[in-house]
Each structure stands twice: as C-alpha cells, then as structure tokens.
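The values are calculated or read from the model by the stated rules, or taken from the named source; none is laboratory data. A quick note: this is a predicted structure, and the numbers were derived from the prediction, not measured. Quick reminder, even Gly has a Cβ in these numbers, built from the backbone with ideal geometry, and neighbours come from all protein chains shown. We work out accessible area using only protein heavy atoms, side chains counted, and drop any ligands, DNA or RNA first. Shrake-Rupley method; radii C 1.70, N 1.55, O 1.52, S 1.80 Å.
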Amino acid sequence: MASMPSLTRPWLWDPLPKIGERPFRAFAEFHSTDLGVEWIDHVARLARSGLPQTFTILTALVWMSGTAIGRAVRRSRSSVVGIAVKASKVRPLFEISAQIARAAALSVLVISALREPSRWFYVTPVCIAFLLGIARLLSNTEWRHSSLHQVNFLLAATLLILILDNVLPLLKAGADHGLEAIKIHSLWSLGATMFVALVTPREWVPPVLEKPSDYEMPDPVPTPEETCSWFSRYLTFEHMTPMIWTGWKRPLEMEDVPPLPWYDDPLVLLPRVLEARKRCKTTARTIFDYQRKELISMASWIATSFTFQLAAPFAMYNLLQYIADPEEAVLRPALWLFLMFAGPMVKTLTFQQYVFESTRFLVRGRSALTQELYHRAMTSMELEEDVINQIATRGAKDEQESTTTSAGRLANLMSSDIDAVLRMRDTLIGVVGVPVSLVLTGFGFWKVTGYSGLLGMLFMACCGPLPVYLIKLMAASQRKIKMAQDSRISLITEYLGSIKAVKYFAWEDTVLDRVQGARNKEQAQLWRLSVISTVISESSEAIPIIALMIIFGCYVGLLEQRLTASVAFTTLSLVNHLRRNLNMLTWVTRTVTDGMISLDRLDRYFASTEPLTTFPEGPLRLQNATFRRSKNASFRLKEISVDFVESGLNVISGQSGSGKTSLLLAMLGELVLESGLVTSPGDIAFASQTPWLQNETIKDNILFHAPFEQTRYDRVIEACCFAQDLDELSKGDQTEIGENGTILSGGQKSRAALARALYSKSPIIFLDDIFSALDAKTAAAVWELCFCSDMLKGRTIVLVTQVPWIASQADLHITMDAGMVKDVERNLGVVRRPVIPESVKVEGEASSGTVLPDPKPAGSGNKTDKVAEEIESSGKVSRLIVFKYLRYCGSTVFIVFLGVSSFLCGGLGVSTSYWLAYWVDSYGKGKYVDIAFYAGVYAGLSALSTIMEGVEYLIYNRGAWSAARRLHRGLLRGVLNAPMSWWKDMPVGRVVNRFARDIKSLDNSVGDLVFIVADTLVSIFFSLAAASSILPIFILPALLSVLIGVLCGEMFTRSGVVLQRILRATHSPVFSQFGDTMTGLTVIRAGSKMPAMFCNQLAKRMRPLSRIQEANFNINRWVAVRIDVITALVSVCAGIIAVSKASSLGAGLVGFSLSNVTGLSNAILYLVRCLNQLEVEFQGFQRVVEFISIEPEEKTEAVAKPAVLNGSEIVGGELPAGWPRTGSVELRHVTVSYDEGGQDILKDINLKFEAGERVAVVGRTGSGKSTLVLSLLRFTHVTSGQILYDGVDITTIPRKKLRQALTIIPQEAVLFNGTLQSNLDPSGVVPVEALENALQSCSGIASFQYRNNEDPETQNDNRGTNSSDGATETLDSETTEQTALLSQADTIDNGTITPTSKVPGALSLATAVKAKGENFSHGQRQVLSLCRALIRKSKLMLLDEATASMDYETDRGVQVVLRQELNTDGRDRTLVTIAHRLRTIVDYDKVVVMGAGKVVEVGSPRELYSKRGQFFEMVKHSGEEKELAKIFEGADDEMDVGSE
C-alpha cells in the first residue's frame, strides 16, 4: 500500500527540555498529523510520555473513592433487614499465584526502570496495584471484592500502554530491530498477571435482599455464573463445560443444570416489574424502566460487534494488496493476518455477550411479565367478552370476532404475546447495530471504490420503501394467522375438553370437519405469508446484487479503474455484510411488527382490568345492596338486605336462574357493587357448584396448602364419607385425581371440594349446591356428620341447596327470585337432626354393599413428576427421522427435486464468485478485457442465483406446508378416534399442546430448518471444494476445522437436545397452573392468603423454567465461541498459505479462496445450531406421529363382526332396514370390565327393558349405575354375555352407528361456543322446524323461553352480556338472571307445559352460546341438553343424573317433557334414568337397584317399597320419607299427582 502523505504542517510546540512538558508535545504531534505510517511513532511516543500512566492512576483513585462513598451512602439510607448468607471464601491457590505474579511484574519493571529512567512511569501503577492487592486481604468481603477491580484495571492499562510503546513500532515494514530481553520479560510478566487475574474465580458477595412478607423466596447461594472467572464469563463460558461433559457421557438431569442466580429469581423480579408498572402505564415503558441496565449493555455490545465485523474485510483488502504488490507495502502482512483473526474474534466475543445479555433480558422479562399477568388476573375482575374480543382483534371492526374464552385469551397472552414482545429485544440490532454498520460500510465503499460505492448505497436507500410495504403486508397476514390459530385452538380445546360428550353423540366426523375448516383458513394465510416472505427475501437479495453491479459498472466504466482483486473481493465482502445486515434488519422488522401487535394486546388487557370489589371487615351483612356482573350487564341483584346468622347455617334456595350463585359471588367481591353496604370477613372457604380441583393428590386438594394436622384431617375424611372411597383406591389419599378430578365421580368431586372447605380454618364457608351430586344415603350421612355435629361449630355456613328438608333446619332461609330476595325465614336455635334414626341408618349402611371404584388411569395412584413425565413423552429422536418427515412433504420425485434445487443454488452461488475471480485475473493476461461481457455474465449469474434461491425456498416451503396439513388432519383424526381408555391416561392439556406448540413448530420451524440445513450443507461443501481446488493444501486445515466443529457440535447437541426437552417439559407446569388458576379463580380468591400462596407456587414453577432457559442459552454461547475460534484460526491459516503462494497464484483466485474461507465460521456455526434445533423440533414431529398412530376405538367398520339378531347371526352381517325399530334392551348374563383383562365391574347382569318403559337405575355412589349406562354405549369391555338393543348384539355394531342410534343426557351438560342451532345440531342435517319444536317443547323450564325468529312481536336484538351465573342477558333490567328467561305465567297443567305469555328476551336459534355454555345457568344447560336429545328422536334415551342439580319445579318440568316425548309416535321408545332424587322416579315403570356391581332389586317403585329392601332403605335416607311413603302407600291417582 502506498504511504499516505506525511506531515504537512509544523509542530505546534518546539521541543522543550522540561520532562513534564514532553507529553503535551507528543499529544499535539499525534493530533496534528495526517494518518500514515508516522502514526505508529506518535502513538509510541505518547505511550512512553507518562501521560497515559498518570491518567490511569487518577482514574483508579477516583473510582476507588467513588465506590467507598457510594457504599457509605447506601448503608446510611438503607433500613433493609438482609437475608443472612455466608460469602464465598478466598481461594488460596489463585490468591497466592496472583500475588506472586504481581510481585514478579513489579520486580521486572523496576529492573527495566533502573536501566532506562524513562520507564519509571510503568513502575508506579504496578506498584500501587501490588500494594492495593495486599491491603485488600485485610479488609471485609465487600471491600475485598470491589478493590480487586481497581487492581486489575491498573495492571491491564499498564500492559496495554507497554504494548503500544514496544510492540506497535515493529509492525512497520522497514523495521529491522527486535525487542530487548528486559522488555520482553516486562511484557510476559504483566501478561502473566493478567492471565492469572482472568482465570481466577471471582469472590461471591452475598446480596442484601429485603425479605418478602407474603412470598417465600429461597436463600441466595453462589452459582457458577457468579463465581466463575472473568475469562469464563466474558470469553469462553468455561463454567458450562462440566455440564456439557456430563451431557456427553449421559443424558442430563435437572440436578446437572447450574442453579439460578439470585438476581434472576422470580420473586426478585416481581416487585421490580410491579413498581415499574406503577410508574409507567404501557408495557413497553415498563420493560424499559425495569431492564434499563440490560438494554444499555446490549446496545454497547452490539455497537462494538458491528464495528469489528468490518475488520476482516479491511484486513483482506490490505492482504490482497500485499499479495498483488509486496514491494509497495508499508506494513508487515502479519498485521493483516492478525486482524483476520482478531477482528472476527472480537466481533464474535462481543456479539456473544450481546446475545448473552439479550437472552438474559428474555428470561427475566418472561419471568417478570408472566408473574405480573398472573398477579393482575388474580387481583382483577373477569373481563367482559367484548373487551376480550377487542384485545384479540385490536379493536379492528373488519376483523372476525374472536371465539375464545377469557381464560383462553389470558393463557395466550402469557404464552405467545409475552414471547412476541420479548423477541423485540433485537430491535437494538436495527436501531444501533445496523446504523453503525451502514456508516462504516459506506466509509469502506468510499475508501475502496470511491463515489461508485456511494452510488450503490444510494440505490439501496431508494429501494428501502419496497421492503417496508411488503412488511406491512406481512404484518396483516401475521395478525390474521394469530386470530385463525386462536380460533382453531379454541375449538380443539373445547371439543377435546368434552371428548366424552363428542363420543356420546358420535360427533367425531363433525368435529373433524369444523376444526379442519378453521385449519384450512389458517393454512391459506400461512401460505400467503410464505409467498410474502419469499418476495421480501428475494428483494433483500436482489437489491444488494444490483447495487454491486452499479458499483462495479461505475468503478470500471465511468471511473475507468482496473478491477483488482483487493477492490473486487473487498467490495463483494462489504456487499455481503450489507446484505446480511439488511436481511437482519428485515427479520428484526418482522419481529417488531409481531411484537407491536402483542404489545397492544397486553396494553389493552392491563388497561381494561378492574380490581376486585373489597368490603369493610365485619360480620356478613348486606344492606340495600345492588350488584351487577359488570358495568354493562343488564341483570342485577337488586336491593339485597340480609343479616346472616353468625356461627349458624344460612340456606339460599330458589328456582334455576334466580340469582343464588350470583349472591355468593357478590359477597366474594366478584360482582360490581352499585349501591348499598356490605361487610364481610376477609377469609372465606368456597366450594363452587361445579367442583374445582387441582391436578394433585386427594390429600393435597384437601389440605390446599394448609399445614397438615392428622386429627383434623381424619375427622374431615370421616365427615365427608371419604374413608371407604380411599380404601378402594390403590394409593389411598396419595392418588392423583387428574385434571379437575377426572378419575373421581361427580359425588366424589363434590365431597372433595367440601372436605377442602371444612379443613380450612376460615370463619365463613360458602357451599354452592354440594348435595346435588350425592345419592340419598351419602347426602344423609354428610348431613349428619357435618351439619348435625360440632364439626362446624363457631363457623358461619352459607349453603345454596334445593333440598327442602335442609332448608327447614336452617337458622336462616333465604328464597331468591329474579335477582331479588323473595322471602327470609329465621329459625334461630333450630336443632338440626339426622334424616333417619341412628339404628336404621347403621343397618342401611351395612347392607349397601361395597363401593366400586370409578374408572381411573393406570398408575393413577402413583405420585408422578409432571416434568419427568413430559420429558419421557418427548423421547429421543433418531436423526434419520428427517426421511420420515420428507415422506409427508411429497413423493420420491418431489424429494429428489428438493436435492437438485439445493445443489443448483449452491453451484450458482460459487460460480458467481468464481466468475468474479476470473474477471479480475483477466487483467493480468495482457489481453483486451471486454468489460461488458464480464459484467453481463456476472449479472446474469447473480440474477439466476437469486431467482433460484427464491424458487428453492418456495419448493421447500410448499413441501413443509403439505406435511403440516397432512399431519394436522392425521393428528386430529387420531385423537378423536382414540378409545376412552387412552383418554383416561392422557391429560387434555398435553393433547392440546400437540395441536398448539407442535403444529406451530411444523408450520413455522421444521420446514425452514430442513431448508436451512440442506442449503448450509451444500454451501459448506462448495466452499471447501472451491478453496481446496485453488489451494489444495488448504484441505487439511479446512477438514480439521470441520472435524472440530462437528465434535463441538455433537457435544453441544447431546446436551442441547436434552435441555430443550426439559425446557418444554418445564413449560407445562407453568401453563397448567395458569389455566388451572383461571378455572378456580373464585375459589382461590375467596381465601385471604390463597392468592399469595398461588403466586408463590407460580414462582416455584418459574424457577426451573428460568434455570433451564439460561443453561440452554449459555451452551449456545459455549459452542459459538469455540467454533468461531477454530474457523478464525483456519482463516489465518488460509491467509498464511495465500501469502506463501503469492508468486504462483493470481490475486483473483486467492481472493476467491479467501472469500469462501471467511464464510466458513458462520456456516459451520449456523449448521450446528440448526441441526440441534432441528433435532429438538423433530421431537414435536415425532410426538405428532405417535398420536397419529394411536390404535383407533373402532379399527374399521368394514371388519365389524356380523350382526346378531335375537341370538341368530344375520345373513351378510347387515343390520335390518330401519333398525332400531323399538327401544327394547336386554342384558343376558353380562359381565363388564373397563379394560380388557381388567377387574370385573358389573357381574352377571340379567335385565330386560321393554320398549316404551321408563326405567330408573338407583344405588349408592360407585354401585355400578353409570357403568351400566356406559356399557350400553360400548365404553366398556363386555367380558361375557350379550347386550341386545332391539334384538341386535351391540358388540357387533360399529360404535359410531350404535351411538347415533341412541341418546344420552349426561350429568354435566356440555355446550360449545357457537349458536343454539349449532349446539343442537352440529352436523346441520336436522330441519329448522324440528329444532324449533324441540325448543318450544322445553319452554318454561328453568327460566327457559323460546321465541320464533319470524314472530313479529318478538323481533328484537338478542344481545347479551355476562350474568353472575355466566348467563347471556338481555338489556331488559326486569328480566331474571338468564337470557332465556322465564315467563312467569307459564304453567304446567295435566302434565303439559303451556306458555301463556312471551318474553322479549327469549331465545332463538341464533342466540349465541359461549364456551361451555357459560352464559346459561346449570339448569338451563341441562334443558338445552334435553332439547338436543329430543331432536335425535332415538328409540333409547339415557339420563345420567341429568336433573340432580335442578330444583324440584325444574325437575318436574323435565319429567313432563320426557313423558310427552315418549308418548309421541307410539310407546316404542325406552327411557333409562340414573337418579339420586327418588321423587323423580316415583311414577316410573321399573326400578333397578344396583349394589357392588350387581342387580340387588328389580321391580316397580311401589313393589320395591313394599318389600322393605334396599329401595325402602333409600326412601328412609331421602329426607322425604313421609311424602314418598304417602305416594307409595296411597292410590294410583295419588301417585300420578305426586309425580307431576
């Protein structure tokens, strides 16, 4: 390189003899000189002047003084009581080594100063450092820790100045002198002190933390991250090596992962984010506020990294100039070789620190925001649906309405939206890194190509609006995809959560079509997004290439300059850097766009929440209190005035929809208090109408985080009649009950919720209809043991019930009607008595038989680790699974086409660079160079390469799109057709996770990763081949680098895959608690200490999640640093080889080789990471394939056994035409188990139900009643015997056909999000008239009124809002609690319901239904379930305790409708009812009494009562003995009247 112009102006100061003024002259020389080779002499002169040393000492002293003053001020202001923990001890070996090294360095420098007096400047800072290093050992821990920073600063600064003084002058090409021995010793001694300082483990100083009052935070302990050396922390991440070695030898376990540092503990972060939220209203400002230091650090690291990424092109430019003309060089090539290594290394290390800080920002942000969202949901009222929809759609009027529930939306905010917001952290790359790079790249273009480079950058700037426009299109697609995903997941969650109902009604195909329809809409948007992404990527590729052609054209054509190797390949390298930065900017813009949508959703949520209603402390009392569910709700509890009896039993009763549950919720603060006064104790135990239980053991559910007291616990178990149930379970009270108690019966769940309330020490207990799910004998026993003893002594009980004999024994009886208190009856001092005398009760219990255990998952008694179970379900993935995935992408021809497209793209990319080298070397052949020809070929190859890359990406993406479509459909079909035995063992949340996380992975990640891996492999292959073809000797270091890279990658992958597996598993408990909490929010918030307890539990589950996340991110830094070091060394080797071969090779070919080599680092590292991530993502693919291969409930209808009619095989195996003609059922010696080879549940059952009969099945909980009904639906395994339905053996009938031929009304009615019409007829095949007739038949039951849409008198809007019982209400403030609202004038005359008036707010087929029917009361949901059954017109109807929770009037209405329906079209339709309420079945034709899985009694109700057997005992326990006895002992007409 030609030397730059020398000094052109005189020195500012003449030489002066005074030593003290020498530094000013050197400083002036340095800043008054144009940069050339002379700058080296000026820097060296400044270094030995003494000014830098003086500045270093002053800086250290100021730093030390400021630290001491700051510590004193903090101590004087702080009143925090810290958590007492011990500091780490000084490590003698490292401390002694450090002291020896400092002493040796000081000695060498003193000797050097004695020989050369000017070097005393170096002795002073080292001497201060030595003395300070000794003095710090005599100080306390905090001072010892902080003073070490000043010691190392003095030594490091002195070493740097010494290098500038002695080593820098040797870089001049003409320098022929070496270093003196004493100077070499000085450098080595100071270097040794710094090496010891870098590798010395840091001392851990315990933090001073404020002990949280309500939260439980573990004591901080030193972690490897806090105690590792500076060398490990900032350079090598060596503290991760022990874990990686462990992962190399065996699969990692949770104990192998480094602990979480104290400053990342969730409960340390929670107060910070809550305080930040108070100061800042928006989520973005909140994040900036509480993570300000992290953001500043990230900005500094990324700016440094993007600055040093241009060091390698600068070094290659000068090295190629040296190779082209060694004689003109003014600096030694060793400098450029060093920069080719040091530049990428500094860039790598700084970028890895940026990534480290950004991932730590991610972990802290996720932990803090998740807890904040949980905390806000815990302390806020439930949002209205319109607000939830606005959050989902960002308030856009043209967007589709969200169909998700409030809980589902909150879970989505916690998962996807928080992640999307935190991914915006890389905005700093676009805001800080890319601008720095653009400025430096522009300067580089100008230095290398002059104005032509600036023209190229100007062209790129003019093309900027195009990607911005495309990104806006992408943002719109992303928003639509999010909404489509929400809709699909909501449908799947809803249907799979009620999978039993789906199978009851054989709706599998209907559900499949509905979900797949939502999926098709989602995939249409996904493909549109892929096309837009391809266009963006192509524009990002094409614009820099066109800019490159402009630069070369202007440089060669207009400026008429020769295109040298240094210019060509440096420009190409700069353009590649620019292209990567623009691609990164595009990617950042995409994440920012996505993140802004999520930020807006989070801000809308936080702005919409309102705190819970709080009441003054005092006795439970309401004075003229008026409540609304929300501010916009029409239904109200109006002017409620009640003084509840303290330490007494207060009973609330009333018709369905009258406001009973609303009153309880109002007193819990869940409703808005509009007027009046309410006082209440702060601590209440609440058992809701639909029992809420956690996925824990029975014991844990009862304790509910309270301390265990054996005596109290045993008494609660006895009072709730749980002892016998626990004896039947293999693990007793250690049995895990599954999600919301799936292995328990309805009565067992109610008693578990009651036991939880009883075990608590809350002064007030709210019980919402706990007796409805209990059989008569169990209810009588619970009544006696809980309410007739001193079990509840001193506690105020508020009980909602429909049982009349309980209300008569209450101290206070409140009757609700239409949201108002209709009547208040006081019976102070009433003595509560058991239902029957003690002697009778004992005999009845003794003869009731053994309770049969309800179906439960295999191994349900084992207390399993949820994380370990999920890890095990992930399994290890074979790398050959990629071929299995490719088969889903397309045919063999398609797969071959994929490979060919990848090789074409790789070959075109290398050909483009090779042609540039050929063009450059053509100048040295002494021939005419046709610039247009060379430029045209280069432009053509570049364009073809760009187009081919886009085509290749679309081909891969289409294959991934097709694979995701096939896999989703197969997954959905697999789980819908899975047998119920499979569902017993499989949590619904895990299945939904397959449709959410794993399908999302298949949509967004797997296909892209397969493409990237294939493309990168081909790129590495062509790069190695190209470099080795030019420099064959290079194949050795290249292969060595690949070998080491693969080895490091394998070590990383073995640990990384397991960590990713554990990471996914640790997500599940967090998501599970969030969803579980949202379901049981009212129960949790009722207790005064429960919200803090659950926040503690969330933090406990967040700790392992954060711990695994940090370890997973850190091992990525570990492998990145090592691979970058290896490839940087390979680049240096390539440079050395190129210098040695400079005389025999053209500069163009050398540049071509070096340009391929310099890209190896990123390519190998990228490949290792992508292979690791691909193996992780393939776990999701494997899980999906496993679910697809589930053995279906019915393998195929074509192979069904021949049908059997009345014991004789039907010819051809076809069912008779018009089957079933009647509802007759016969069981012949039937023995049933839940699973093949399992325990017999029903034993030798012989029963016959004639067509047209109404049959009741009664018995104690667990006696086999439900099993009998499930057997008719083929949900059990018939071990022996036959079950005939209309003469056909049901085991020979395909299950779907069988279930379509009968109807069941289950105990818990299931409604889905949609309309009444879609709920009554999901398949859409039933005529509208039939639907309207069914609704009209049920009018007047449970505040239920139907209106015809065509009736002009009722043409008004059917708008609704939430009610206290979750009902959809009209705007009529005078209506009752629900929308479907009772016409008070409706009457039941002679068994017929006659509507006599119309209600403006009545139902229509278009009435909206929320998920799970939340806008209807429990009774109304059952009435709609009845309508659904009427529509099917089945010959056999099954009722499984469907009216247990209804009041007597509603129950009577249901029975009247059923009687009318059975008498329609002849008496050939059979009704089988499982009942606890005996009054319901007094007029039935037949009663079957079950006990211990056997038939105990069969006969008419009157016959069985007269036998004085089991049925008689049940009447005795019913609490209505006198009324029932009068019916059974009276005349037939009395019996009919009583039933009505």
Query raised in the report: Given N residues in the stretch 1255-1304, what is Rg(Cα) / (2.2 N^0.38 Å)?
Result: 1.19
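Take the Cβ-Cβ distance between E216 and T711 as r, set R0 to 45 Å, and report the resulting FRET efficiency rounded to the nearest 0.05.
0.95
Is the C-alpha gyration tensor of the stretch 685-778 telling us rounded, prolate or oblate? Criteria: a/c under 1.5 is rounded; beyond that, a/b larger than b/c is prolate, otherwise oblate. If you can, show how the numbers build up before the last one.
On the way: a/c = 1.27, a/b = 1.03, b/c = 1.23.
Rounded is the answer for the stretch 685-778, as its axis ratio a/c remains below 1.5.
Given the Cα-Cα distance of A476 and C788 and 0.36 nm per residue of separation, how much length would full extension add, in nm? Write down the numbers at each step before the final one.
Values: separation 312, 0.36 × 312 = 112.32 nm, distance 6.44 nm.
Between A476 and C788, full extension yields an extra 105.9 nm.
What fraction, in whole percent, of alpha-carbon pairs in the stretch 891-998 exceed 17 Å separation? Kindly include the intermediate steps, with their values, before the conclusion.
Numbers: 4018 of 5778 pairs.
Counting every Cα pair in the stretch 891-998, those more than 17 Å apart make up 70 percent.
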Query - Three-way shape label, the stretch 496-574, alpha-carbon gyration tensor, a/c 1.5 - result: prolate
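Would you kindly state how much longer the chain becomes between Y263 and V900 on full extension, computed as 0.36 nm times their sequence separation minus their alpha carbon distance, in nm to one decimal?
224.2 nm
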**Report entry** Distant alpha-carbon pairs in the stretch 1012-1149 (separation over 18 angstrom), percent
**Finding:** 70 percent
Query raised in the report: Rounded to the nearest whole Å², what accessible area per residue is found for the stretch 509-633 with the 1.4 Å probe?
Result: 39 Å²
Requested in this report: Kindly provide log₁₀ I(q)/I(0) values, in the same order as q = 0.08, 0.12, 0.17, 0.21 Å⁻¹, from the Debye equation applied to equal alpha-carbon scatterers of the stretch 618-764.
Outcome: -0.29, -0.61, -1.00, -1.24
Query raised in the report: Normalised by the residues of the stretch 1248-1335, what does the relative contact order come to in percent, with Cα pairs under 8 Å and at least six apart?
Result: 12 percent
Requested in this report: Output the Cα-based Rg and Dmax of the stretch 414-544 in Å, rounding Rg to one decimal and Dmax to a whole number.
Outcome: 23.0, 78
Query raised in the report: P(r) tail for the stretch 495-632, what percent of Cα pairs lie past 19 Å?
Result: 77 percent
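Over all distinct Cα pairs, what is the inverse of the mean 1/r for the stretch 94-151, reported as the Kirkwood hydrodynamic radius in Å? Intermediate values should be presented prior to the final figure.
On the way: mean 1/r = 0.0830 Å⁻¹.
By the Kirkwood definition, the hydrodynamic radius is 12.0 Å.
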Query raised in the report: Summing Lys, Arg as +1 and Asp, Glu as -1, what charge do residues with Cβ under 12 Å from the Cβ of P544 carry, P544 excluded?
Result: 0
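Can you pull the semi-axes for the stretch 581-648, root of five times each eigenvalue of the Cα gyration tensor, sorted largest first, whole Å?
Working through the eigenvalues yields semi-axes of 51, 14, 7 Å.
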Query raised in the report: How many angstrom separate the Cα center of the stretch 571-609 from the Cα center of the stretch 292-354?
Result: 27 Å
**Report entry** Sorted peptide list for 481-489, 880-888, criterion being average Cβ within 10 angstrom, highest first
**Finding:** 481-489, 880-888
Query raised in the report: Where the convex hull is taken over the Cα atoms of the stretch 954-1052, what is its projected area averaged over directions, in nm²?
Result: 9.2 nm²
Requested in this report: Consider just the alpha-carbon atoms of the stretch 1033-1080 and return their Rg together with their Dmax, both in angstrom.
Outcome: 20.5, 70
Report summary line: The set of residues whose placed amide H lies less than 5 Å from the amide H of L799, leaving out same-chain residues fewer than 5 positions away, is N650, V651, I652, L767
Query raised in the report: Taking the alpha-carbon set of the stretch 277-367, what are its Rg and Dmax in Å?
Result: 20.1, 68
Query raised in the report: In Å and whole numbers, how far do the C-alpha atoms of the stretch 279-323 stretch along each principal axis, longest first?
Result: 61, 15, 7
